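Please read the structure below before turning to the comments.
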Amino acid sequence: MEEGDSNNEESHIKATRFRNLPSVTSLSQEELIITTQNDSDLLSSIRRRVQISSEKIETGSLNVLSAKYESLDYDTCENYLLLDEERKKGYKFIVRKSIARWFIFLLIGMITALIACAIDISIEELSQLKYASLSKYVDQYVTQGKLYIPYFLWVLYNIIPVLIGSTLVAYVEPVAAGSGIPQVKCYLNGVKIPRVVRIKTLFVKSVGVVCSVVGGLAGGKEGPMIHSGAVVAAGISQGKSTTFRKDFKILKYFREDHEKRDFVSGGAAAGVSAAFGAPVGGVLFSLEEGTSFWNQSLTWRTFFASVISTFTLNVVLSTYHGVPGDLSYPGLLNLGRFENFSYQIYELPIFLIMGALGGLLGAMWNHINYKLSVFRMRYIRMRWLKVVEACMVAAVSATLGFLMMFMLNDCKPLGQDPTKYPTQLYCQDGQYNVLASIWFQTPEASVRSLFHDPPNTHNAASLTAFVIVYFLLSCWTFGLATSNGLFIPMLLTGAAWGRLIAVGLSLILSDNLLIHPGKYALIGAAAQLGGVVRMTISLTVIIMETTGNISFALPLIITLIAAKWTGDFFNEGIYDIHIQLSGVPLLPWEPPPLVHNIYASEVMSHPVVTLKCVENVGHIVELLKLASYNGFPVVDPPLTDQTEVTTYGRIRGLILRSQLIVILKRKIFNETSDEWDDINVGIFRDAYPRYSTIEQVDVTEEEKTYSIDLRPFMNPSPYTVLHSASLPRMFRLFRALGLRHLPIVNDTNEVIGMVTRKDLARYRVWRHQGRMGVEELLISKE
Ligand code: ATP
């Protein structure tokens, strides 16, 4: 048999092995019928489901979805109340809403940029104090042989800010840890990540990122900017702050998941734009990494927010740097201009090889970080331990930096390179220690040095040592309880090995003029970053915009594609690994291949918990307490046939748990409320986004005998599919329309099953070293 055939067969076996449910043709009519609809049967069916989900699952497993994540509702609930509102408001309201939307995007751009400026200026000022004093003390004590004094000072200067930052993250808002890009990605994909877009998160993130960069951790401020932009967008678009319990009573019509999500994609783009001075890259980032639901006007508004963001940042930072009006600071990350670089055609294969090397190193980095993350999930669970680990990394960072400068006496004449704090250490007069100059500045400034330092500034031994140390250090740092991103450390590691390759090439090739180390540093940086995050289009554009060199598009894209393909051969990108580790039910761009033979009847949950159009209050309360589901099909009372077996009723609509809770809280019962004037779609918007739980709803025994007419509130035309619909068809519906619940109906339009995001996300492509298949994931309770 051909090798391809055996792979095919294996993937088929793998696909069928996990398909434990019978297909629709083998399901008997009785199996599709619920026998009774009373509460005790309902309870037992729900209990059965809970038991399935409480199977013992190994920590750190990548093939588990967590049941705790809920979905966002992108589908508009076109109920009677909404239609009533539309009828009353007319076209003037549409124009007003559109103007308000543009204004909010303007504000998102400006506020995101202002936050970026505040973070940048704080980092700049504090780092200057820190590194100027360190450089001075090193030179002062080296002659006295008391180098341990500046060393301990360095350790202290690292530990204090990191202690503050990680305490904030660990004790106040753990979701502010890391770059926040995986969380924003999940949110834009349609998964509610608790507390991800709250003001408290923004505060912890902003202070945290200043602390970790000043604390000398191998991390950057760029990733967190994307998260900050997302929080700003989610906050100001709602006209209220739940944290401060303040409702400004404005912008109420934006209090819906799909509106908020559009703003968040604008905020993420504005964040990228502020971080890298790359407005187009920002839009592409939102498109490539984030939002699933995209249209032309959203692209346009997102681009507007991005441009405003980079402009605002430019104005403020130019003023801060004493050149107001000069507008030469479009982004936080300033890699300097590369205008004079060009490449030869014979260099393209070299770039390709460097891309593949980046993919290889990236896959290795991801694997080590994955193992480390699993270790952390198992053993570093206590908050104080997380803080201790962060402080330990801060101390080790200083120690390694110190050892490198001390042991590798790499000296260069002063004046060759625009280093801010030239430290002499053991060098002769008129010279400075190159490694000290790399360590005694922010990582971002170090990337700039590696890109622009003249040839022969760095020798091979120091570059090699630096690559190894920074590779491992950045890997250890990512995933700590601190707010910092990985763009800069990856660029730095890549720039260092890129420069190393240039040193090697200049030994082999005689034409030294062509081998400008800065060019190779740039390609190495792109390859390393691409190998870790696996972004292609947005990263190419971001790097192009940051370096202002359009002619490097081809080398960059070749490098990034090679890095992605090589890396994908071994594992996923780092963001996806972390998303899978937390069990988020993310829906990828495409359904798994070769699964057209999996039908809705195999994927769906049944029996379905349904409600009648006019339902008893007590029954609803019990149901909400028993079942954790968020959506319930509303059906006609089930028919009874001759054998006294009731079937599911015909579908009439779909109602959400949140809607039921609001109705119960407002006590809109048939028996008590005949006044409909106060009841409008606003009652749901007032409660959005933090709805009460069923336990917080107070219903008296008497009220439990009342009834609710669900028809004005339910979505009267939910999307449904037949039991014979294939998995890819349902997947595309979810992905394109942002659905949350998809009732499955039989030929007579009776509800026989329910499909949600988790039912689809659990079918995932399985790839390992060139082999492929489809696996079905487990669902855990936590
Ligand atoms: P989400 O969590 O995405 O906001 P949800 O809480 O309603 O939606 P899930 O947690 O995704 O639903 O569902 C878990 C399982 O319960 C899925 O297998 C789904 O098919 C099933 N399910 C959801 N709603 C119902 C229902 N009304 N009746 C029976 N099963 C349901």
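Quick look at the values:
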quantity	calculated
Exclusive hit being part of a helix (DSSP H, G or I) and touching a Phe, Trp or Tyr at 6+ places or on another chain (Cβ under 8 Å), set LEU361, LEU333, LEU403	LEU361
Close pairs (7 angstrom Cβ cut-off, 6 or more residues apart or separate chains): farther than 21 Å from GLU703 by Cα and outside any helix (DSSP H, G or I) in the stretch 619-632, more than 6 Å from the ligand (Cβ to nearest atom) and of a type in the set (S, T, N, Q) anywhere	PHE632/THR610
Matching entry among SER483, SER506, SER551 (being surrounded by 24 or more Cβ atoms within 10 Å (Cβ to Cβ) and of a type in the set (Ser, Thr, Tyr))	SER483
Complete set of residues in the stretch 441-471 that are free of Cβ contacts under 8 Å to residues at least 60 places away in the same chain and part of a helix (DSSP H, G or I)	ALA445, SER446, SER449, ALA460, ALA461, SER462, LEU463, THR464, VAL467, ILE468
Selection status of PRO689, more than 26 Å from the chain's Cα centre (by Cα) and within 25 Å of LEU72 (Cα to Cα)	no
Tabulated pairs, the stretch 129-157, first on the phi < 0 side of the Ramachandran plot, second surrounded by 17 or more Cβ atoms within 10 Å (Cβ to Cβ) and of a type in the set (D, E, K, R), C-beta under 8 angstrom, 6+ apart or interchain	TYR157/LYS130
Given (1) closer than 30 Å to VAL197 by Cβ; (2) modelled with pLDDT under 90; (3) within 16 Å of the ligand (Cβ to nearest atom), index of the condition SER658 fails	(2)
Residue count for the stretch 545-565, restricted to those that are in contact with a helix residue (DSSP H, G or I) (Cβ under 6 Å, 6 or more places away or on another chain), in contact (Cβ under 8 Å) with a residue 40 or more places away in the chain and more than 22 Å from PHE478 (Cα to Cα)	6
Looking only at the stretch 587-635, and only at residues there that are of a type in the set (Ser, Thr, Tyr) and either in contact with a helix residue (DSSP H, G or I) (Cβ under 6 Å, 6 or more places away or on another chain) or more than 14 Å from the ligand (Cβ to nearest atom) (or both), the one that is nearest to ASN746 (Cα to Cα)	SER601
Any pair with Cβ under 7 angstrom, 6 or more apart, that starts in the stretch 720-743 at a residue that is polar (S, T, N, Q) and ends at one that is away from the ligand (no atom under 14 Å from the Cβ)	SER724/VAL24; SER724/TYR599; SER726/HIS596; SER726/ILE598; SER726/TYR599
Residue that is modelled with pLDDT of 65 or more, loosely packed, with under 13 Cβ neighbours inside 10 Å and among the polar types (S, T, N, Q), where the choices are SER61, SER98, SER28, SER54	SER98
The stretch 679-690: number of residues that are closer than 15 Å to LEU656 by Cβ and surrounded by fewer than 17 Cβ atoms within 10 Å (Cβ to Cβ)	1
Tally, over the stretch 731-757, of residues that are more than 10 Å from the ligand (Cβ to nearest atom) and over 22 Å from the mean Cα position of the chain (by Cα)	8
Conditions (1) within 16 Å of the ligand (Cβ to nearest atom); (2) over 22 Å from the mean Cα position of the chain (by Cα): number failed by ASP73	(2)
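The values are calculated or read from the model by the stated rules, or taken from the named source; none is laboratory data. All values derive from a computational prediction rather than experimental measurement. Backbone-built Cβ (ideal geometry, glycine too); neighbour counts: all protein chains shown.
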